[in-house]
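Take a look at the structure below.
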Amino acid sequence: MSAAPPLSIACIGGGPGGLYFALLMKRAHPEVQVTVYERNRADDTFGWGVVFSDETLGAFEEADPESYAAIRAEFAYWTDIETWQGGTWTRSTGHGFCGMSRKQLLQILQARCTELGVLMNFETEVSPDELPDADLVVACDGIHSSIREKHKDVFQPNMDWRKAKFTWLGTTKPLEAFTFVFLETEHGVFQVHAYPFERGDTNLSTWIVECHEDTWKNAGLDDVTEEETAARMTEMFRDFLDGHPLLTNRSVWRTFPTVSCKQWHTDNIVLLGDSAHTAHFSIGSGTKLAMEDAIALREAFDAKGTGDIPGVLQHYVDGRFVDVLKLQKAAQTSLEWFENTARYVHQNPLQFSFNLMTRSKRITYDNLRLRDPELVDAVTEWWADDQGAPRDERGRPVKPIFAPLQLRDLTLPNRIVVSPMCQYSAVDGTINDWHLVHLGSRAVGGAGLLMAEMTNVSAEGRITYGCAGIYDDQHTVAWKRVVDFAHEHAAGAIGLQLGHAGRKASCSLPWEGDAPLTGNDAWTALGPSADAFGPGWPTPKAMDRADMDRVTAEYVAATERALTAGFDLVELHMAHGYLLSSFLSPASNRRTDEYGGSLENRMRYPLEVLDAVRAAWPANKPVFVRISATDWLEDEPDKDGITIEESIVLCRELAAHGCDVVDVSTAGNTPDSKVNYGRMYQVPFAERIRIETGVKVMAVGAIQGWDHANTVLAAGRADLCALARPHLEDPHLTLHAAMAYDHQPQAWPPQYLAAKPKPKSDG
């Protein structure tokens, strides 16, 4: 009986990803026949340098020490990032990167492939209709992959073309660090991403110029040659080039596409590198991603063996897909930051640099403190002085979370907020011992503000029969017990969120199905229109004038009861698809009268309620408003929802009507929302509102502790940070933050003083 023929693998594309997988596979499994097909010549290359982090280099060393050693011998290494903005250079250190010529990298990988016995076919175009006869075809044919397009029904690619334009140039200007330049011109902001990749006699650096598409057009760059581009950019950045020219290599103006695929393999074909995914160059190169893909695919063969191609491909996807998704999310966040640098260029240079460093959310306040304590200390000192925050007992600036915030006559002792969290444990709207213990334990945990859960202004306004109310005098008595406890035992303030569930009312408890009630258990819901929240939901009654007047009066009565109970502030719930939110959004408001249609009309009733509440609430006490800044329907062309642009207009109106802080959340108004979840995923909406309106904002949504909160505050993205789940896990979160940062001024309940650490030595 003859032996089975050896496994054959065809790599379509001889870029770094294809070459690296070929050599890794041949190194690990010499019996496998590996062939690379590349349409260009062996010495052709486009672009300039590529960048790798210390972490990536470590993975290369483990995967193939020989090629790693050759790469290590060629690269330029640096630890600093220099940023020019606002007429000032700011330096950050401790980062650890290397750059090298893409051409050198290809030569190293080609040589290693030849050494190991990989077959190389250059100047060979492979048609997706006539793929090589191989057991496995690895499609490494780039962003515009013809193989991916041939099988797009399976791979389901999405290509998101962005708003910025960029051109990839080079220069002989010696650089000692990764360099960012942000230049304001009459046309708009231009930014440079530059880094060294060859030192010595050549001294070459990559010099990427990027700008918003509008700026690009304003500057007349939409109809220039490659040579004209180089000349124009050389002149624009002459003060930073020190007489060195900008060089071209297919340096045309481009738009970056973010490529993602729902599936990475079909039959015996698998995608690798840019054919499967891309990530913006501001966070890492496609080269890094492709070579890490190569490692993962080789490891899948190690795990499953060469005789199980379907198992190998599934193992590859299972192990790699989520990691790529995380990096793509960070890259997209970074990309969008660079698309909108005009929002930030007027920040103080220290704050701008910190904002830049933390833009993708992968680097945070504490993480950057470990890398570059000097920069973070400088940012902290500037921020504390800018906010008028007092120094601690040793004269040190307080960390951002510990800065007080003045709101009318109320002073919050710090910027940490316990977000309102429904407990679904009230009886006929009356809260009980559960609420006292739940809220009381968080009150003594040190937060600057404790927000009680959404509390309903009427029985019909409850989400569930377990929701809290403040529409009866006994409710006031029960709430006063909680407020009195908080005021006696905690230094922070306590606020009440007033709401009406609208068309989302009359539901079962979350742990009983979280579904609309039926039969005699249900009650009639209200809405701006007779449109159900979603399939299976009852149709609400469209509110008439009498309903609107009655509900407004209920809000006023609830406000008066909140004052009697002793709350320091009230917050109107205009988010998450509840009553006032449903008036604001065209996804739920189908009215044709003066309360529907235009944004002005949709805002009318919520503003009437705010006016009534503000009039009933003392002028010296603050009022907050929670909004859903977007319905996340922007990518649904057949569906209308509220947008961030409309919310910016709304927030200006809220401030004009007496709102002191806008609590910025998103979504909840329609089951059709396509929410892009992730850490701090709602913060960009708060940031934009703060920047464009000047209104104080509270950020909320997956802010996962005091480190995240410090990051948000120091970067100028919000004025307060509301944390929900972290406070469920740790009621004493702020006290623990004070321990971590040695913040001695933090107030502790006297009963807990035995646990308060002694001051750390400054030495």
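No value in this document is a laboratory result; all are computed from the given coordinates. Bear in mind the structure is a predicted one, so any value in this text is a computation, not a measurement. Cβ coordinates were reconstructed from backbone atoms using ideal geometry, including for glycine residues, and neighbour counts include every protein chain displayed.
Calculate how steeply helix 683-693 sits against the longest principal axis of the alpha-carbon atoms of the chain, using the helix alpha-carbon long axis, and give the answer as 0 to 90 degrees to the nearest 10.
Between the helix axis and the principal axis of the chain, the angle is about 70 degrees.
Quick one: what does P(r) look like for the chain with 20 Å bins over all Cα pairs, in whole %?
Histogramming the chain at 20 Å steps yields 15, 40, 33, 11, 0 percent.
State log₁₀ I(q)/I(0) for the stretch 528-624 at q = 0.11, 0.12 Å⁻¹ as given by the Debye formula over alpha-carbon point scatterers of equal weight, solvent excluded.
-0.35, -0.42
Please compute the Kirkwood hydrodynamic radius of the stretch 1-45 from all pairs of different C-alpha atoms, in Å with one decimal. All intermediate terms of the calculation are to be shown ahead of the outcome.
Values: mean 1/r = 0.0864 Å⁻¹.
About 11.6 Å, per the Kirkwood formula over Cα pairs.
For the stretch 8-338, what does the relative contact order come out to in percent, with C-alpha contacts under 8 Å and a separation of six or more?
Details: 666 pairs, mean separation 70.2, N = 331.
Across the stretch 8-338, relative contact order equals 21 percent.
Using helices alone, what [θ] at 222 nm do you get for the chain, with -39,500 (n - 2.57) per DSSP H run of 4 or more residues, divided over all residues and rounded to the nearest 500? All intermediate terms of the calculation are to be shown ahead of the outcome.
Details: 24 runs with 278 residues, N = 763.
Result for the chain, helices only: -11000 deg cm²/dmol.
How much length, in nm to one decimal, is gained on full extension between E228 and S761, taken as 0.36 nm per residue of separation minus their Cα-Cα distance?
Numbers: separation 533, 0.36 × 533 = 191.88 nm, distance 6.00 nm.
That pair, E228 and S761, stretches by 185.9 nm at full extension.
Residues in the stretch 563-606, backbone N under 20 Å from the label point at R652 (7 Å along the Cα-to-beta-carbon vector): list them, ranges by number please.
Under cut-off, by backbone N: 584-586, 597-606.
Got the relative contact order for the chain handy, in percent, Cα pairs under 8 Å and 6 or more residues apart?
Details: 1603 pairs, mean separation 71.8, N = 763.
The normalised contact order for the chain reaches 9 percent.
Between exposed GluC sites (Glu not before Pro) in the chain, where DSSP calls loop and at most 15 other Cβ atoms lie within 10 Å, what's the longest gap?
187-392
Using a/c under 1.5 as the rounded threshold, could you call the stretch 620-727 rounded, prolate or oblate? The axes a ≥ b ≥ c are square roots of the C-alpha gyration tensor eigenvalues, and prolate needs a/b larger than b/c, oblate otherwise. Please list the in-between numbers first.
Values: a/c = 1.85, a/b = 1.15, b/c = 1.61.
Taking the square roots of the gyration eigenvalues as a ≥ b ≥ c, the stretch 620-727 is oblate.
Using alpha carbons only, how many degrees (0 to 90, rounded to 10) separate the axis of helix 373-386 from the longest principal axis of the chain?
Helix 373-386 sits at roughly 30 degrees to that axis.
Subtract the Cα-Cα distance of Y77 and I644 from 0.36 nm times their separation in residues, and report this length gain in nm to one decimal. Before the final figure, lay out each step's value.
Numbers: separation 567, 0.36 × 567 = 204.12 nm, distance 4.16 nm.
Net length gain for the segment: 200.0 nm.
Explain nothing, just compute: Karplus ³J(HN,Hα) = 6.51 cos²θ - 1.76 cosθ + 1.60, θ = phi - 60°, for every residue of the stretch 118-132 in order, whole Hz, x for Gly and Pro.
Couplings: 6, 7, 10, 10, 8, 6, 10, 8, 10, 7, x, 7, 9, 6, x Hz.
Which of rounded, prolate, oblate describes the stretch 347-386, given a ≥ b ≥ c as roots of the alpha-carbon gyration tensor eigenvalues and a/c under 1.5 marking rounded, otherwise prolate only if a/b is larger than b/c? Intermediate results must be reported in sequence, preceding the final value.
Working: a/c = 2.20, a/b = 1.29, b/c = 1.70.
Taking the square roots of the gyration eigenvalues as a ≥ b ≥ c, the stretch 347-386 is oblate.
When we measure straight from the Cα of K480, which lysines land under 29 angstrom away, once same-chain ones fewer than 8 places off are left out?
Straight-distance partners of K480: K504, K621, K696.
Which lysines have a Cα less than 25 Å from the Cα of K103, not counting those fewer than 8 places away in the same chain?
Partners found: K26, K165, K173, K288.
When each pair of different Cα atoms in the stretch 415-747 is counted once in the 1/r mean, what is the Kirkwood radius in angstroms, to one decimal?
On the way: mean 1/r = 0.0504 Å⁻¹.
When all Cα pairs of the stretch 415-747 are included, the Kirkwood radius is 19.9 Å.
Run through the DSSP bridge list for the stretch 39-186 and note the antiparallel percent, rounded to the nearest 5.
Numbers: 13 of 17 bridges.
About 75 percent, rounded to the nearest 5.
Ranking request for peptides 655-667, 674-686: highest mean number of other beta-carbon atoms within 10 Å first, then the rest in descending order.
Numbers: 655-667: 22.5, 674-686: 18.6.
Highest mean packing first, the order is 655-667, 674-686.
Give the calculated FRET efficiency between N218 and D160 to the nearest 0.05, with a Förster radius of 30 Å applied to their Cβ-Cβ distance. All intermediate terms of the calculation are to be shown ahead of the outcome.
Details: r = 24 Å, r/R0 = 0.79.
In this case the efficiency is close to 0.80.
Label A740 and R394 with points 7 Å out from Cα along Cα→Cβ: what is the distance between them in nm?
The answer from the label model is 1.9 nm.
Provide the percentage of antiparallel DSSP beta bridges, counting only those with both residues in the chain; round to the nearest 5. Mind showing how you got there, number by number?
Details: 51 of 106 bridges.
Percentage antiparallel, nearest 5: 50.
Need the list of lysines near K758 for cross-linking: C-alpha distance under 28 angstrom, and skip anything on the same chain fewer than eight residues off.
Straight-line reach from K758, under 28 Å: K399.
With axes computed from alpha carbons, what is the tilt in degrees of helix 286-304 against the longest principal axis of the chain, rounded to the nearest 10 within 0 to 90?
Result, in degrees: 80.
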